[in-house]
Amino acid sequence: MKGYREVLSLYLRDLLFPPRCAGCGERLVPFDPARPALCPLCRTAWEAAGRASGLSGGWEEPAAGVYLVPYRPEDPGDVPQQVIYHIKHRDDSRVFDWLAARLAEAVTRQLEAEGIPPDTVILTYPPRRRSAVRREGFDQARRLAVCLSRRLGVPCLSLIRRPAGSVRGAGREQKKLNADQRKTNAATSYVLADDASSRLSGRFVVLVDDLCTTGATLSACSALLTSAGASGVLWATVARTASRK
């Protein structure tokens with residue numbers, strides 16, 4: 001019965017809200033069981049971008065991580081940039097599921113390569129600014145993390161929060177800041193949840209976000225997690241800025 005309800009829900013959603021490509025906005029074929037997020041042309045461009053960077057490539061500084069495609073802010077027509085814009089402004093479960101499926105493959109390979117026992121792994125995410133959640137109606141990092149946790153079969157916990165009444169200037173939009181300002185802003189924008197330490201001891205954390213630009217946010221959150229007892233942190237993002245400034 002549950003499967004029937006899910007299928008019916010998907011059909012009704014496609015009927016009421018015809019699916020569109022997250023890359024170019026063109027209408028997709030409705031009622032497709034595969035639930036693609038991109039049209040064939042944009043999918044080809046996405047896959048080419050992934051191959052160019054080494055699909056699911058990792059980085060070693062300042063922490064271990066995986067990402068799917070490079071992000072080029074200087075090219076507004078780039079498919080990865082359009083997809084990131086889409087998931088920041090549209091609560092599209094079809095696209096989040098599609099991205100989570102691909103990110104799950106990358107994360108699984110990395111965890112296996114590092115010999116991390118699956119039963120020690122948990123997921124968390126840096127929460128979106130409250131004003132952005134009020135404006136957009138959702139938190140894209142949380143949506144992605146929840147979808148990824150289902151794919152991996154591991155818990156997704158809210159371990160990081162934004163403090164109320166933070167210092168003046170904290171919590172500003174990162175995209176409006178340079179690298180040094182991002183680092184300072186991120187350091188004052190996040191704190192651990194009250195019960196985080198009891199849930200982190202001996203756990204390996206996959207820290208999920210949509211985009212890594214300078215790594216300031218992920219670095220600040222990683223420091224909080226390891227200080228509370230996490231055995232290690234793996235960054236997992238959809239995209240990473242190709243040329244960081």
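Rule-based calculations on the coordinates, nothing more; no lab input. Just so you know, these numbers come straight off a predicted model, no measurement behind them. Using ideal geometry, Cβ is built from the backbone for each residue, glycine included, and neighbour counts are taken over all protein chains shown.
Per-structure values
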read-out	value
Per-residue Cβ neighbour rank within 10 angstrom, fewest leading, GLU74, GLU136	GLU74, GLU136
Proxy reagent accessibility, fewest Cβ within 10 Å first, across SER231, SER149, SER189	SER231, SER149, SER189
Cβ-Cβ FRET estimate between ARG130 and TYR11, R0 fixed at 30 Å, reported to 0.05	0.30
Spatial separation of Cα centroids for the stretch 16-31 and the stretch 129-158, in angstrom	22
VAL66 long-range amide H proximity, modeled H, under 5 Å	TRP235, ALA236, THR237
Cβ-Cβ FRET estimate between GLN181 and ARG90, R0 fixed at 45 Å, reported to 0.05	0.95
For VAL191, VAL121, VAL205, order by how many other beta-carbon atoms lie within 10 Å, fewest first	VAL191, VAL121, VAL205
